[in-house]
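Notes for the one structure printed next.
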Amino acid sequence: MVQAYSNAQTDDLKDELLLFFRDMKDSSLEEQAIHEISDSTNKGNSLLLDAVAYLTEINSTKAAPTFAKLMKDKNKVLGLSAIRALGKLGAKDQIPTLITLFQDPETDSNAKPDIIWALGELKAQTSLPILQSEYDDDSDQPLMRKTILEAFGKIKDPSTWDTVSKALHDSNTIVRTAAISILGDFPGHADRHASLISALRDSDASVRIAAAKAAEDLLDPGLKDLLVYRLNNDPDPKVRLATLTALAKYPDGPTTVLSVVKDTKQAPEVWKGAVKLMTKNNYPGSMDAVKALMDADDKDTFSGLSAALTNALIPFRDDFRQAFGLALASKKAPTRIAGIHAARLGHFTEYQAMLAKMAAKDTDPNVQAEAAALIKDWEKGPETPTQAPKS
């Protein structure tokens, strides 16, 4: 494969090989990739960027000096990619070079956010004076201030707290949201609690979402009641989902998540989020919640949640094996078809008798056909049905 790269005549083939070696985290093409980016003339950006991605993925310290040279390359796309690569590689020896580039008046202003990002990744404390100065000068550039605040959060130097603290009350939503999102990076400050309460009550949904995510990291017991209030009452489902994710981290989080799974009137976005949390963690009581949802859905003519739930459980079918018996017994045809699909994928032959009845007399012709096809497939290869699950 290495020889194939050396003999490759097209960028497309080199691209494919670089992606292959990147996915394998194999460093055999390290020298060739460095050679590719050392001279970008007459080479497509796709090949150059794939070479950068490959070198970053294999953590190539050899490539760092080349990346440093490329930061001012006439190919702006490659230059920005090189800046970020230095951050990802943790190339702390290149911090002075990055600072010099940042302060160079000829540096393209579009490159500054990438340089700031790299300095943050490198936790470059020596860059704090210039970043603070830039922040102070950029009162009319909220996106730049956001980028600098995010770097402050990564560097975690207490000297920047005053700036972060003021940003928590900035009139600009973007700045406020950025400040809230890094609160967890500044432990020990007494006003964090009050700031999060204020943010969870903010008029802007993006600020409330950031506050919920910060609360997820901090697990402040004093925030729980307000998070529950937001879960039940916030007008924005994205905020409710963020608060649910935060509440899931609390000691009684599983109970909260499962209560949302059982709620047929919950906003779809929030309900799907609860199902994802349940399937990921397989909380105690999950099967009870599944059964409750299935029962409630059967009584609701207009609900289709039982089919959605069954399909969501299929990737986790071994953990939720009993759920597919409930799906096969559902009054709703789409749910029964989803149950048949799960039984096929999991080879859940304990449901063979139930499927045989469905194949013979189900009220829905599509369900009948699906069940009959599955029974026929199972009959081709003799296999003893597994023991039926206990209820």
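Read-outs: derived from the displayed coordinates by stated rules, not from any lab. All values derive from a computational prediction rather than experimental measurement. So basically every Cβ, Gly included, is an ideal-geometry build from the backbone, and we count neighbours across all protein chains shown.
Laid out as a table, the results:
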{"read-out": "Cα-projected label distance for Met24 with Ser165, points at 7 Å along beta-carbon direction, nm", "value": "5.5"}
{"read-out": "Segments 168-180, 365-377 sorted - mean Cβ within 10 Å per residue, highest first", "value": "168-180, 365-377"}
{"read-out": "Span per principal axis, largest first, for the Cα atoms of the chain (Å)", "value": "79, 63, 29"}
{"read-out": "Kirkwood estimate for region 283-391, i.e. one over the average of 1/r between Cα atoms, Å", "value": "13.9"}
{"read-out": "Per-q log10 I(q)/I(0), region 1-122, q = 0.13, 0.15, 0.16 Å⁻¹ (Debye; single scatterer per alpha-carbon; no solvent)", "value": "-0.48, -0.63, -0.71"}
{"read-out": "Residue pairs, from the table Lys291/Lys357; Lys92/Lys249; Lys76/Lys213; Lys154/Lys262, whose Cα atoms sit over 31 Å apart", "value": "Lys92/Lys249; Lys76/Lys213; Lys154/Lys262"}
{"read-out": "The chain - percent relative contact order, Cα under 8 Å, separation 6 or more", "value": "6"}
{"read-out": "Helix-only [θ]222 nm of the chain, DSSP H runs n ≥ 4, -39500 (n - 2.57) each, per residue, nearest 500", "value": "-19500 deg cm²/dmol"}
{"read-out": "Gain upon complete extension [Ser6, Ile197; 0.36 nm per residue less C-alpha separation]", "value": "62.8 nm"}
{"read-out": "Burial ranking of peptide ranges 214-224, 303-313 (average Cβ count within 10 Å, highest at the top)", "value": "303-313, 214-224"}
{"read-out": "Acute angle (nearest 10 degrees) that the helix 11-23 long axis makes with the longest principal axis of the chain, alpha-carbon atoms", "value": "70"}
{"read-out": "Phi-based couplings in Hz for region 355-371 (Karplus 6.51, -1.76, 1.60; Gly and Pro marked x)", "value": "5, 5, 5, 5, 5, 8, 8, 5, 6, 9, x, 5, 5, 4, 5, 5, 5"}
